[in-house]
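All remarks here apply to the structure that follows.
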């Protein structure tokens, strides 16, 4: 049976993975644009207010958090578009079959990293534990010595866990993208046509 026939015969779960990955990519593309615009606006506002001798101290922290979110979301989108960094010194000298095997291995490593990061975030944020404490951050911190939910940012005074949510979000999107890439590497799915969303090629992500 050909890869195409196998994909058509029992490929509804496989199509769901690739469709979810493409939907996430569309959202990430708009998020990247919005965050880049926000970062530019924050930097310009910082310059203007400092020049006018009325600096707003929360701008620096806002710019840092915006950069962090932009980095994680951008890295997730780059992994799906296969724009992440790679070492090709070895694979360029291998036969086609070995290159395919190395590509599958590389994708599996990325998927494994996403799984490990998701597990770490689950243990760190401990949603079951904080829920068991009735979402009382002080009681939870005193019982577990995990003070994530009592910490606040320095100038914005936001709950720190809100900022850190980008890490489990990144873990989930990275896993979805890695699974979609793996299906393509194994020949179980065809690379998608992204012309309808303005991504004719990978370089048009931003």
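Couple of notes before you dig in:
- Inter-residue pairs, beta-carbon under 7 Å, first within 19 Å of residue 103 (Cβ to Cβ) and in region 66-90, second surrounded by fewer than 17 Cβ atoms within 10 Å (Cβ to Cβ) and at pLDDT below 85, 6+ apart: 78/84; 81/202; 82/202; 83/202
- Some residue of region 172-190 being closer than 30 Å to residue 42 by Cβ, surrounded by 20 or more Cβ atoms within 10 Å (Cβ to Cβ), free of Cβ contacts under 8 Å to residues at least 60 places away in the same chain and touching a helix residue (DSSP H, G or I) at 6+ places or on another chain (Cβ under 9 Å): no
- Filter result (over 12 Å from residue 170 (Cα atoms) and surrounded by 14 or more Cβ atoms within 10 Å (Cβ to Cβ)) within region 112-129: 125, 126, 129
- Filter pass, residue 108 being under 22 Å from residue 173 (Cα atoms), in contact (Cβ under 8 Å) with a residue 60 or more places away in the chain and not in a helix (DSSP H, G or I): no
- Region 96-123, residues that are more than 18 Å from the chain's Cα centre (by Cα) and at pLDDT 90 or above: 104, 105, 123
- Residue list for region 57-88, filter: surrounded by fewer than 17 Cβ atoms within 10 Å (Cβ to Cβ) and assigned to a loop (DSSP other than H, G, I, E, B): 57, 82, 83, 84, 85, 86, 87, 88
- Where residue 101 falls short, out of the listed (1) touching a residue at least 40 places away in the same chain (Cβ under 8 Å); (2) closer than 22 Å to residue 189 by Cβ; (3) assigned to a helix (DSSP H, G or I): (1)
- Region 136-206 holds helices (runs of 4 or more DSSP H) entirely within its bounds, and those carrying 1 or more residues that are under 17 Å from residue 107 (Cα atoms) and modelled with pLDDT of 85 or more map to 166-185.
The values are calculated or read from the model by the stated rules, or taken from the named source; none is laboratory data. Quantities reported herein were computed from a predicted structural model and do not represent experimental measurements. Using ideal geometry, Cβ is built from the backbone for each residue, glycine included, and neighbour counts are taken over all protein chains shown.
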